[in-house]
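A short write-up of the structure that comes next.
The values are calculated or read from the model by the stated rules, or taken from the named source; none is laboratory data. Just so it is clear, the model here is predicted, and its values are computed rather than measured. Here the Cβ is made from the backbone with ideal geometry for all residues, glycine too, and neighbour counts use every protein chain on show. Just the protein is used for accessible areas: all its heavy atoms, side chains included, with ligands, DNA and RNA removed. Shrake-Rupley method; radii C 1.70, N 1.55, O 1.52, S 1.80 Å.
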Amino acid sequence: MRQSGAVSLPEPSRRDTRLDTYVDAYAERTHGLTVSAVRALFAVANRPEVVSLAGGMPNIADLPRDALAKAVDRLIAERGTQAMQYGSGQGEPFMREKIVEVMAEEQIHAHADDIVVTCGSQQALDLVTRVFCDPGDVVLAEAPSYVGALGTFHAYQCQVVHVAMDDAGIDPVALRGALVSLKAAGKRVKFLYTIPNFQNPTGVTQTLERRHAIIEIAKEHDLLIIEDNPYGLLTLDAQPMPALRSLEDENVVYLGSFSKIFAPGFRVGWALAPHAVREKLVLTQEAATLCPPVFSQFAIATYLEEFDWRAQITTYRDMYRERRDAMLTGLREHMLEGTTWTHPEGGFFVWVTLPEGLDSQAMLPRAVTARVAYTPGTAFYADGMGSRNMRLSFCFPTPERIHEGTRRLGQVLEQELELHRTFGLGAEAARHHDLTAGPAPDIS
Ligand code: PMP
């Protein structure tokens, strides 16, 4: 049955273009690169009638844009010839000094010399992987992990081995087990990639005890830790946890970003790395971009100097807390029995586990038709797991829309369960018995 007000989805276009001529010429490392579920989803889920709980866009509507415009005007008038010029491959010294101040909020004591400014923390991930990984090298990551990091590891042909986690973060027993068995198999693990605070996609925060355990294991096994912490200051309930880098400075490369605490469009992030690694990162950065965006660094430094950025983070926290609470209330009211979800203390995401037999990827087209979108759990695993999971983000829609989104999702789940019961088939097969709607969007 088609619901009133349902979205009809476009036929996917399949045009042959001249680009196909080059299909044999692509480098081997591009072969596994396919459109991610998240990216393809944006096209459909951004329509106004769809409540998108799929993307991870920060809500920056509360920024003081008029005052920022004046500050940027002044920047161009007074320092434009420097701000619009090439700059240092490592990042501008004043920017790195400011980053030291930002990291001090998370009890990280660092020197500006050990920082490399990057084009978002996404580029820091790329540079770190480029520095450490040859094709076939093993990288450890939480199960599940950030889709953008998995994309980077994939692009460098790494083998991602997932390490089990629970609601206290990475399971130290699983981590030790993975290191021992990979060593026995003759595999060298290049690093552990972890998001200890309000993890993307689960919203889980590593406990202090686990942080110490992970650091101990890393020391025992000479394991480098890549700590990715874009959400750390967006704590919604308690004080921020000490970063792994604040507990251990030898074996940790720390990645930070202004995307969530200020705005992502400037594309400024950073890596804080032990000395020798920092050298390599700078050379790699120079090969990649000559220098990170200079104008953005001037603009962000101006913001940090002239605005009360700590108060802005408090404003963000209050706004995201209300949205997180709307999502948790909506889930409590509308989810099917047997559905469970995490209770994040910060960040943007809730991770949902569906009752047995339901498949989040198979049901996504029907959910979008019912005007609600989410990211299927499979996007966050390198090994095809996660079909009973979905990531819901509470960062962008208003609390009212979030609540409505959970209501629609609840209805979709009920229909899915009905389909599952009626046909007694796996959800993938049920897709071919789709009674609800027109063509599916391309979400592969
Ligand atoms: N790491 C994680 C865990 C993220 O969620 C994101 C963005 N969603 C990034 C890195 C990249 O952020 P940016 O490049 O904007 O700093």
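Of all residues in the stretch 133-158, none satisfies the criterion of being farther than 18 Å from I195 by Cα and within 11 Å of the ligand (Cβ to nearest atom). Within 14 Å of the ligand (Cβ to nearest atom), out of contact with any strand residue (DSSP E or B) (no Cβ under 6 Å at 6 or more places or on another chain) and within 19 Å of R245 (Cα to Cα): is that true of V102 in this structure? Against the criterion (within 14 Å of the ligand (Cβ to nearest atom), out of contact with any strand residue (DSSP E or B) (no Cβ under 6 Å at 6 or more places or on another chain) and within 19 Å of R245 (Cα to Cα)), V102 qualifies. Taken over the stretch 186-230, the criterion of being of a type in the set (A, V, I, L, M) and open to solvent by less than 20 Å² (accessible area, probe 1.4 Å) is satisfied by L192, I195, V204, I214, I215, I217, A218, L223, I225, I226.
Of everything in the stretch 163-178 that is in contact (Cβ under 8 Å) with a residue 40 or more places away in the chain and open to solvent by 10 Å² or more (accessible area, probe 1.4 Å), the residue that is farthest from H343 (Cα to Cα) is R176.
When A110, A67 are checked against the criterion of being at pLDDT 95 or above and at negative phi, A110 stands alone in meeting it. For the stretch 180-235, enumerate the residues that are more than 16 Å from the ligand (Cβ to nearest atom), of a type outside the set (V, I, T) and in a loop (DSSP other than H, G, I, E, B). Scanning the stretch 180-235 gives A185, G186, K187, R188, H221, D222, L223, L224. If I filter the stretch 365-385 down to residues being within 23 Å of V139 (Cβ to Cβ), among the small types (G, A, S) and buried (at least 24 other Cβ atoms within 10 Å of the Cβ), which single residue comes out as modelled with the highest pLDDT? Per the stated criteria, the residue is G377.
Is the stretch 258-265 home to any residue that is within 15 Å of the ligand (Cβ to nearest atom) and of a type in the set (D, E, K, R)? Looking for residues that are within 15 Å of the ligand (Cβ to nearest atom) and of a type in the set (D, E, K, R), one finds at least one in the stretch 258-265, hence yes.
One line per residue, one yes/no per condition, for (1) at pLDDT below 95; (2) open to solvent by 10 Å² or more (accessible area, probe 1.4 Å):
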residue: Q312; (1), (2): no, yes
residue: D318; (1), (2): no, yes
residue: T342; (1), (2): no, yes
residue: F348; (1), (2): no, no
residue: V352; (1), (2): no, no
residue: M363; (1), (2): yes, no
residue: L392; (1), (2): no, no
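Does the stretch 291-307 include one or more residues that are open to solvent by 20 Å² or more (accessible area, probe 1.4 Å), farther than 15 Å from E106 by Cα and within 16 Å of the ligand (Cβ to nearest atom)? Yes, the conditions are met somewhere in the stretch 291-307.
Within the stretch 327-344, count every residue that is under 22 Å from S145 (Cβ atoms) and either out of contact with any Phe, Trp or Tyr (no Cβ under 7 Å at 6 or more places or on another chain) or small (G, A, S) (or both). Going through the stretch 327-344 one residue at a time, the tally reaches 2.
Counting only helices (runs of 4 or more DSSP H) that fall entirely inside the stretch 41-153 and contain at least 2 residues that are of a type in the set (D, E, K, R) and open to solvent by less than 50 Å² (accessible area, probe 1.4 Å), the qualifying elements are 93-104.
Among the residues of the stretch 165-180, those identified as within 18 Å of the chain's Cα centre (by Cα) and among the aliphatic types (A, V, I, L, M) are M165, I170.
For the stretch 266-280, taking the residues that are in contact (Cβ under 8 Å) with a residue 40 or more places away in the chain and surrounded by fewer than 24 Cβ atoms within 10 Å (Cβ to Cβ), the one that is farthest from G346 (Cα to Cα) is identified as K280. What about A301, is it in a helix (DSSP H, G or I), among the aliphatic types (A, V, I, L, M) and out of contact with any Lys or Arg (no Cβ under 6 Å at 6 or more places or on another chain)? For A301, the condition - in a helix (DSSP H, G or I), among the aliphatic types (A, V, I, L, M) and out of contact with any Lys or Arg (no Cβ under 6 Å at 6 or more places or on another chain) - is not met. If the condition is being in a loop (DSSP other than H, G, I, E, B), touching a helix residue (DSSP H, G or I) at 6+ places or on another chain (Cβ under 6 Å) and either within 16 Å of the ligand (Cβ to nearest atom) or farther than 30 Å from D222 by Cβ (or both), then the stretch 236-257 contributes only L236. From the set of residues in the stretch 266-283 that are under 29 Å from E216 (Cβ atoms) and assigned to a loop (DSSP other than H, G, I, E, B), which is nearest to the ligand (Cβ to nearest atom)? That would be A273.
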